[in-house]
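A.B. asks: Quick one: this structure, given as structure tokens, is what I'll be asking you about.
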Amino acid sequence: MVKIAKKGLLLVLIVLAFVIGSQNPAEVQVNYILASSTLPLATILAITFIIGLLIGCLIGTASVSKLKWQNYRLNRKDKVNADQINTQ
């Protein structure tokens, strides 16, 4: 049931992105540090969304990795303490 809901949500987001992209066909000038270019607004929106998604995934992965490592260390410490209690 959850997989169906996820696929439905993904489909809704894709349709929403298509609608937003089709409503923003205007050309926009983007100034970089060294250069500038003219791109459709929908393309700029897509690029910034993907960059934000990647940054969020990196931060989330770092946070989860830190918590998993902390959990591993605490479980190992707990096992050592349990072994000490059982041997007494």
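A.B. asks: Using +1 at the C-beta of Lys and Arg and -1 at the C-beta of Asp and Glu, which of GLN23, ILE55, ALA82 has the Cα lying farthest in the positive direction of the dipole of the chain?
C.D. replies: Working it through, the farthest residue towards the positive pole turns out to be ALA82.
A.B. asks: Of ALA42, VAL12, TRP69, which is farthest on the positive side of the dipole of the chain, counting Cα position, with +1 on Lys and Arg Cβ, -1 on Asp and Glu Cβ, and the Cα centre as origin?
C.D. replies: TRP69
A.B. asks: On the protein heavy atoms, probe 1.4 angstrom, tell me the percent of accessible surface of the range 1-86 carried by carbon and sulfur.
C.D. replies: Of all accessible area on the range 1-86, carbon and sulfur atoms account for 71 percent.
A.B. asks: Would you pull out the residues with amide H under 5 Å of VAL28's amide H, same chain only if 5 or more places away, H placed 1.01 Å from N?
C.D. replies: Amide H neighbours of VAL28, under 5 Å, 5+ apart: LEU39, LEU41.
A.B. asks: Might you report the magnitude of the Cβ-based charge dipole of the range 1-81 about its Cα centre, with Lys and Arg at +1 and Asp and Glu at -1, to the nearest 20 debye?
C.D. replies: 860 debye
A.B. asks: On to the next question. GNM on the chain, C-alpha springs below 10 Å: top fluctuator among ILE51, ILE14, ILE33?
C.D. replies: Top of the fluctuation ranking is ILE33.
A.B. asks: Given that just one value was derived from the coordinates, which of [x] 45, 29, 19; [y] 88, 30, 24; [z] 76, 44, 8 is Cα extents along the principal axes in Å?
C.D. replies: Among [x] 45, 29, 19; [y] 88, 30, 24; [z] 76, 44, 8, the one derived from this structure is [z].
A.B. asks: With the other protein chains left in place, how much accessible area per residue, in square angstrom, belongs to the chain at a 1.4 angstrom probe?
C.D. replies: For the chain, the per-residue accessible area is 92 Å².
The values are calculated or read from the model by the stated rules, or taken from the named source; none is laboratory data. Note that the structure is predicted; figures quoted are calculated from it, not measured. Quick reminder, even Gly has a Cβ in these numbers, built from the backbone with ideal geometry, and neighbours come from all protein chains shown. Ligands, DNA and RNA are stripped out before the accessible areas are found, and what is left, the full protein with its side chains, is counted by its heavy atoms. Shrake-Rupley method; radii C 1.70, N 1.55, O 1.52, S 1.80 Å.
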